[in-house]
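Report on the structure given below.
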Amino acid sequence: VGNYKRTVKRIDDGHRLCNDLMNCIHERARIEKVYAQQLTEWAKRWKQLVEKGPQYGTVERAWCAFMSEAEKVSELHLEVKGSLMNEDFEKIKNWQKEAFHKQMMGGFKETKEAEDGFRKAQKPWAKKLKEVEAAKKAYHAACKEEKLAISRETNSKADPALNPEQLKKLQDKVERSKQDVLKTKEKYEKSLKELDNATPQYMENMEQVFEQCQQFEEKRLRFFREVLLEVQKHLDLSNVASYKNIYRELEQNIKTADAVEDLRWFRANQGPGMSMNWPQFEEWSADLNRTLSRREKKKASDGVTLTGINQTGDQVSQPNKHSSSLSVQSNTVQSVQSSYNPFEDEEDTGSTVSEKEDSKIKNVSSYEKNQSYPTDWSDEESNNPFSSTDANGDTNPFDEDTSPAMEVRVRALYDYEGQEQDELSFKAGDELTKMENEDEQGWCKGRLDNGQVGLYPANYVEPIQ
């Protein structure tokens, strides 16, 4: 009696399990969304790095195909997230709402119906069981009383002090107790027989209510199986045609990379095959031939435009992201530190994430596609600002009309390799002396500890505190 409560509790457990399954799917959907966002961010950042970097031609397209793959896979995972939340999650939520009905006083209607059904089916049999227990208790008490009366009678026969009248009372007591035993035994057996007769009907009634609970639980179990199969289909991208196409297309893009074609393109656009601008006779002009200071030369070199470049020789019909009018920008940062590691841990550098991302985008490799190269050149020692005459103090390449600044000790943040003869080279962590403040082009004049004087990018150092 009362053990049906375990079956009734299963209904409440079913409602809670629906919540658990919804929470499980919701967490997975959130993971899919975060993964999709990270793929998109990765693809965007590395696409910029590759496009700015020195790689070119068909191999560049093959490399960029990985970023396209990431963007497409990101879209698929966003679709997975949408399917999990819009279909599976909502389906469980609606099924739970239809299957479980809350009552005003708390609990579920299905729970109360099951409990009432079990209690109604059990009530007649429980009543008879109670009668059996009472009859058994009365019978056992009569047996105990009979045994006690017989014991008293036996003891009284050995006691000479008792008169015949008292002995007669004890004997009568024994007789009455024997009759009570017979009556209570008969009643006990009768109630037990009635209980046995009522048991089949009791079992049938309880079985009916139990089967109703089983059917309700079967609906939940089958529903869970159905939902889990749908979740599996939404998560399994191996059977999605577009997912297979992504990697089929990626493989094709990689296989189309052709070293011979790329080398022909580079020869035609950047090598001997490109259009040459051979020196031609030019009339003298006072404006063109006046002496320029080094800083004026740097300003003049900004934005030099080479126009009318017509491909000659072996022409390669390869898409070129550089236009025929090639603009050569001044190299504000001539080179990037060669020892930079894009996968270095944030803890090792102490920089913020945003600073590190900016550094990665700027410092792709040793140079960028649009990097300009110095046009000034000379093979004469007399034109070398760091020749022996400088060392003797006869001339100073930095004798300009700038006001001297106070010398400040600074520390290099990155490796820098001088691109021109009047530029310093140093490693990250080296210390040097800043002799002049930053100019308009972002350059400073400094002196290394070995006495060498030259220019360096201002943003490559920091003051020593």
Report task. Write out, first by first residue and then by second, each pair whose Cβ atoms fall under 8 Å of each other, whose residues are 6+ apart or on separate chains, and whose first residue, in the range 223-246, is polar (S, T, N, Q) while the second is assigned to a helix (DSSP H, G or I). Result -> Ser238/Lys244; Asn239/Lys233; Ser242/Lys72; Ser242/Leu76
Report task. Examine the range 101-116 for a residue that is assigned to a helix (DSSP H, G or I), out of contact with any Lys or Arg (no Cβ under 8 Å at 6 or more places or on another chain) and farther than 30 Å from Asp196 by Cα, and state whether such a residue exists. Result -> yes
Report summary line: Across the range 109-137, the tally of residues that are small (Gly, Ala, Ser), over 27 Å from Arg10 (Cβ atoms) and buried (at least 17 other Cβ atoms within 10 Å of the Cβ) stands at 1
**Report entry** Where Pro385 falls short, out of the listed (1) open to solvent by less than 70 Å² (accessible area, probe 1.4 Å); (2) at pLDDT below 85; (3) out of contact with any Asp or Glu (no Cβ under 9 Å at 6 or more places or on another chain)
**Finding:** (3)
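If I filter the range 26-36 for residues that are under 22 Å from Thr111 (Cβ atoms), part of a helix (DSSP H, G or I) and among the basic types (Lys, Arg), do I get at least one hit?
So far as the range 26-36 goes, no, none of its residues is under 22 Å from Thr111 (Cβ atoms), part of a helix (DSSP H, G or I) and among the basic types (Lys, Arg).
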Report task. Kindly list the number of the only condition in (1) modelled with pLDDT under 95; (2) crowded, with 19+ Cβ neighbours inside 10 Å; (3) closer than 30 Å to Trp265 by Cβ that fails for Tyr4. Result -> (3)
Query - Which listed residue is in a helix (DSSP H, G or I) and either within 17 Å of Tyr4 (Cβ to Cβ) or open to solvent by less than 70 Å² (accessible area, probe 1.4 Å) (or both), from Gln166, Gln179, Gln171 - result: Gln171
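Does the range 271-286 contain any residue that is surrounded by 11 or more Cβ atoms within 10 Å (Cβ to Cβ) and either in contact with a Lys or Arg (Cβ under 6 Å, 6 or more places away or on another chain) or not in a loop (DSSP other than H, G, I, E, B) (or both)?
Yes, some residue in the range 271-286 is surrounded by 11 or more Cβ atoms within 10 Å (Cβ to Cβ) and either in contact with a Lys or Arg (Cβ under 6 Å, 6 or more places away or on another chain) or not in a loop (DSSP other than H, G, I, E, B) (or both).
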Report task. Residue by residue through the range 211-245, note down the ones that are over 27 Å from the mean Cα position of the chain (by Cα) and open to solvent by less than 70 Å² (accessible area, probe 1.4 Å). Result -> Cys213, Gln214, Phe216, Glu217, Arg220, Phe223
Query raised in the report: Is one or more of the residues making up the range 190-200 more than 60 Å from the chain's Cα centre (by Cα), surrounded by fewer than 15 Cβ atoms within 10 Å (Cβ to Cβ) and closer than 27 Å to Ser151 by Cα?
Result: no
Query raised in the report: Here is a list of conditions, (1) charged (D, E, K, R); (2) in contact (Cβ under 8 Å) with a residue 12 or more places away in the chain; (3) surrounded by fewer than 17 Cβ atoms within 10 Å (Cβ to Cβ), and Lys72 meets all of them except one; can you say which number that is?
Result: (3)
Query raised in the report: Within the bounds of the range 61-69, is there any residue that is touching a helix residue (DSSP H, G or I) at 6+ places or on another chain (Cβ under 8 Å), more than 29 Å from Asp258 (Cβ to Cβ) and open to solvent by less than 70 Å² (accessible area, probe 1.4 Å)?
Result: no
Query raised in the report: Would you call Asp88 open to solvent by less than 30 Å² (accessible area, probe 1.4 Å) and assigned to a helix (DSSP H, G or I)?
Result: yes
Query raised in the report: Restricting attention to the range 91-108, and to residues there that are surrounded by 12 or more Cβ atoms within 10 Å (Cβ to Cβ) and aliphatic (A, V, I, L, M), which single residue is farthest from Val227 (Cα to Cα)?
Result: Ala99
Report task. Please work out if Lys33 is more than 16 Å from Ala65 (Cα to Cα) and surrounded by 15 or more Cβ atoms within 10 Å (Cβ to Cβ). Result -> yes
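The values are calculated or read from the model by the stated rules, or taken from the named source; none is laboratory data. These numbers were taken from a predicted model, which means no experiment stands behind them. Positions of Cβ are generated from backbone atoms using ideal geometry, with glycine treated the same way; all protein chains shown enter the neighbour counts. These area figures cover heavy atoms from the full protein model, side chains too; ligands, DNA and RNA do not enter into them. Shrake-Rupley method; radii C 1.70, N 1.55, O 1.52, S 1.80 Å.
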